[in-house]
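Beneath this line is the structure, given in structure tokens, with notes to follow.
No value in this document is a laboratory result; all are computed from the given coordinates. Quick caveat, the model's predicted, so the values are computed rather than measured. Cβ placement follows ideal geometry from the backbone for every residue including glycine, while neighbour counts extend to all protein chains displayed.
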Amino acid sequence: MNNKFNLTRKQNVFVAKRNIVDYIWKSANLEGIGVTYPETQAIYDGGIVNGLTVDKIIAINNLKYAWEFILENEGIDYDFKALYHLHKLTCDKLALDENLGRLKSTPVNIGGTTWKQDFPIESQIKEELERLLNQPEKTKTEIAIEVMLWIMRRQMFIDGNKRVGMLFTNKIMIDNGCGIITISQENQKAFFEKLIKFYETSIDGIDLNNN
């Protein structure tokens, strides 16, 4: 899989900032946070939006802060610590403090399937992430997509796994000038169908040619 874009990080950040509300809106809906684009824009701008729950408003603001962290910090490593920090940012005030930036310790059902992921073990998470990131034969785009799918399937956090996966992946994309990965509204149903199949059938490793 070739990189579709070959930008400088500065150029990629410029593009991201121009479209950041769209990315936040799509990411929120991907996680089942039902907000419209105008509502997302209003929350992002600090406005008052009537008719939305407090949790939805918090979730949008959290995504805003997480995106700002990605765009403003170039030298952050792609590691376990970064995953934890992104989880804290995306789920702040939406989960109990002891769940923020920590691997889950209670089972969580996944909608659309009876499949359950094994409980995460820190040493295994670190090893798997390092292996995925260090594949010199693959492009940064391919590595970024594999990491995103791995985070979503690994279900290491009590909540927000798809948001964290998308954010972490876009940090890789932006830092390497490869563009942005988003799932459009019209493609989200098809994406979920493929993601559920991926949850249920992927055993070890990720091969984008077969999933």
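Observations
- The convex hull of the Cα atoms of the chain, projected and averaged over all directions, covers 11.7 nm².
- Averaging over all projection directions, the Cα-based convex hull of segment 80-195 occupies 7.8 nm² in the image plane.
- Helix-only mean residue ellipticity at 222 nm for the chain, each DSSP H run of n ≥ 4 adding -39500 (n - 2.57), per residue, nearest 500: -17500 deg cm²/dmol
- Between the alpha-carbon centres of segment 90-107 and segment 165-202 there is a gap of 22 Å.
- Counting only aspartates and glutamates at least 8 places from K88 when in the same chain, those with an alpha carbon closer than 18 Å to its own are E31, D55, E68, E72, D77, D79, D97, E98, E122, D159.
- A DSSP coil position with no more than 12 other Cβ atoms inside 10 Å describes the following trypsin sites (Lys or Arg not before Pro) in segment 100-134: K116.
- Entries of K56/K93; K126/K197; K17/K104; K116/K194 with Cα pairs more than 21 Å apart: K126/K197; K17/K104
- Equivalent ellipsoid of segment 70-116: semi-axes from √(5λ) of the C-alpha gyration tensor, largest first, are 25, 14, 10 Å.
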